[in-house]
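Worksheet for the structure shown next.
The values are calculated or read from the model by the stated rules, or taken from the named source; none is laboratory data. The model shown is predicted, which means the values in this text are computed figures rather than measured ones. Here Cβ is always computed from backbone atoms with ideal geometry, including for glycine, and neighbour counts include all displayed protein chains.
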Amino acid sequence: MKKKRNNSNKKSQAGSGDNLIYKFLNKYKFFIIFLILAIIMYGYLYSALNQTIMHNSHWDSYTLQANAWLSGQTHLGQDYPWLELAYYQDKVYLSFPPFPTVPMFFLAIFFGEETPSSLVTSLYAILAFLAIYMLCKRWKLSDFSAVMWAVFLAFGSNLISVSVMGGVWYQAQSLNFALTCFSIFFITSDKKAHWYLALALWAMAVGCRPFQIVYFPVYMYIVYQKLKKEGFDTKFFLKVLVKLSIIPAFIGFSYAAYNFIRFGNPLDFGRQYLLEYVNEPDGQFNINYFLNNWGNIFRLPLNENYKIQFPKFNGFAFYLANPFYIVFLFSFFTSIFMALRKKIKLNMFDLLIPGTILLHFLVTLSHRTLGGWQFGLRYFIDMLPMAFLYVLIKGSKINNFKKYEIPVTVSIIPLIVFSVALNIYGTLWLFLEW
């Protein structure tokens, strides 16, 4: 009798376990399917580029810096002429923001100078895909819509071309993208503990791409809005603000200290000692670069005979390789139009998010180059996470904007398919030198 009961219990437990697995797979089926497709995509790209999963990029300065740290020094110890390095007081230094060295440091302990840096950049992109999906689910989007937006942002943009090769530029951008997406996910949480994590991740993102600092007011306003629902006074908000700022301030101080130790300047991570800028009269940033860069972000990939020809230097029309900007601009101008017709009221998000993106945009156009050798405009992926947050906010019921929301429907799927296909082609075109 006991044996029969035991067997019955075991069958019941096994059936319950199978049922849980089935429910999980059914609930997240679209995410799982597209995650597998993303892995297959990267497998295809790796194969086409003739690189293994353990490939270490020839341009991976961060692994060199990590091994220098393991040796107890901040300089690289020798010159690597093919890399963009800073030359200061007879020593050679990394000339890029330092944070991406941190994950490579732990890998360098086991792999030395042969870290799988290309795989790392691919994992950053997949983590960004996960973060966007999680953010969409927080907004109560369907599983299919959440996955489609995540595909659009992560794989329908220049993030693909910067996430198959572990070069120094690509590690910084892909890690920044992932950190920014996760920071947005956590800052939009109702749990106060998540806000601390969000600001820490944002500070880490600044250590990858310094202009992410312009989005700090967005994070603070989101916190303000959440506290406002609970009822609070200005003194309480300032107290919370100070507490939230402790961790990012500590991280920022570590960057400043590291810069000061190397170059005697807390704000300089080495770019002004890069030979490319040492001999440039206008330096790294100058308003004189603006007009030329302005022309580049709108130029079509056509030659003099109006045949398709992608330029390899300083990019082409920003909305082609990163077409989510079409959605963002549509959402913004629809919001303005509806406000003018007095159908809705604009709020601080309509000023703050587009305003900080515009500031980021203007500073980017003042840079000497727009990313150099590339497909599309890779610098513009840095602004995509905030652009997506704006679209989510304007599509929420909270802002009475629901009927003007841009859902993932049959009408937008062709744009997503186009963006993914174009960026896969562009990645092969760039690295195989078609």
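Observations, loosely collected:
- Evaluated against (1) assigned to a loop (DSSP other than H, G, I, E, B); (2) under 25 Å from the mean Cα position of the chain (by Cα); (3) surrounded by 13 or more Cβ atoms within 10 Å (Cβ to Cβ); (4) hydrophobic (A, V, I, L, M, F, W, C), Leu346 falls short on exactly one condition, (2).
- A single entry from Leu291, Leu346, Leu352 fulfils the requirement of being aliphatic (A, V, I, L, M), closer than 23 Å to Gly395 by Cα and free of Cβ contacts under 8 Å to residues at least 60 places away in the same chain: Leu346.
- Filter result (among the polar types (S, T, N, Q) and under 23 Å from Asn176 (Cβ atoms)) within segment 55-103: Asn56, Ser57, Ser61, Thr63, Gln65, Asn67, Thr74, Ser95, Thr101
- Members of segment 318-332 that are farther than 12 Å from Val391 by Cβ and either polar (S, T, N, Q) or free of Cβ contacts under 8 Å to residues at least 24 places away in the same chain (or both): Tyr319, Asn322
- Filter result for Leu197 (touching a Phe, Trp or Tyr at 6+ places or on another chain (Cβ under 6 Å), of a type outside the set (Lys, Arg) and assigned to a helix (DSSP H, G or I)): yes
- Residue match in segment 141-158 (condition: outside any helix (DSSP H, G or I), more than 17 Å from the chain's Cα centre (by Cα), modelled with pLDDT under 95 and not aliphatic (A, V, I, L, M)): yes
- Hits in segment 322-343 (condition: surrounded by 14 or more Cβ atoms within 10 Å (Cβ to Cβ), of a type outside the set (S, T, N, Q) and assigned to a loop (DSSP other than H, G, I, E, B)): Pro323
- Among the residues making up segment 170-194, those that are touching a Lys or Arg at 6+ places or on another chain (Cβ under 8 Å) and either part of a helix (DSSP H, G or I) or aliphatic (A, V, I, L, M) (or both) are Ala172, Gln173, Asn176, Phe185.
- Qualifying residues in segment 246-294 (those that are under 22 Å from Asp79 (Cα atoms) and of a type in the set (Phe, Trp, Tyr)) - the one surrounded by the most Cβ atoms within 10 Å (Cβ to Cβ): Phe269
- Qualifying residue in segment 268-279 (condition: in a strand (DSSP E or B), of a type in the set (A, V, I, L, M) and either in contact with a Ser or Thr (Cβ under 6 Å, 6 or more places away or on another chain) or more than 25 Å from Ser366 (Cβ to Cβ) (or both)): yes
- Any chance Arg209 is buried (at least 21 other Cβ atoms within 10 Å of the Cβ), among the basic types (Lys, Arg) and either closer than 25 Å to Phe361 by Cα or over 18 Å from the mean Cα position of the chain (by Cα) (or both): yes
- Residues that are in contact (Cβ under 8 Å) with a residue 12 or more places away in the chain, closer than 27 Å to Tyr219 by Cβ and not charged (D, E, K, R), drawn from segment 260-278: Phe269
- Residue within segment 97-112 that is in contact (Cβ under 8 Å) with a residue 12 or more places away in the chain, assigned to a helix (DSSP H, G or I) and within 18 Å of Asn423 (Cα to Cα) present: no
- Residue pairs whose Cβ atoms lie under 9 Å apart, separated by 6 or more positions or on different chains, with the first residue in segment 127-147 and in contact (Cβ under 8 Å) with a residue 24 or more places away in the chain and the second basic (Lys, Arg), are Asp143/Lys27; Asp143/Lys29; Asp143/Lys137; Ala146/Lys137.
- Among the conditions (1) under 23 Å from Leu135 (Cβ atoms); (2) surrounded by fewer than 21 Cβ atoms within 10 Å (Cβ to Cβ), the only one that Ile357 does not satisfy is (2).
Let's see how each residue does on (1) without any contact (Cβ under 8 Å) to a residue 12 or more places away in the chain; (2) over 13 Å from Pro116 (Cα atoms):
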site: Ser47; (1), (2): yes, yes
site: Thr52; (1), (2): yes, no
site: Leu76; (1), (2): no, yes
site: Tyr80; (1), (2): no, yes
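- Set side by side, the residues Phe232, Phe216, Phe237, Phe250 differ, and just one is part of a helix (DSSP H, G or I) and at pLDDT below 95, which is Phe237.
- Whichever residue in segment 126-140 is in a helix (DSSP H, G or I) and not aliphatic (A, V, I, L, M) and, among such residues, is nearest to Thr427 (Cα to Cα): Phe129
- Tally of residues being assigned to a loop (DSSP other than H, G, I, E, B) and surrounded by 12 or more Cβ atoms within 10 Å (Cβ to Cβ) across segment 301-321: 9
- Of all residues in segment 19-74 being of a type in the set (Gly, Ala, Ser) and surrounded by 12 or more Cβ atoms within 10 Å (Cβ to Cβ), the one that is farthest from the chain's Cα centre (by Cα): Ala68
- Residue within segment 75-95 that is part of a loop (DSSP other than H, G, I, E, B), at pLDDT below 95 and buried (at least 21 other Cβ atoms within 10 Å of the Cβ) present: yes
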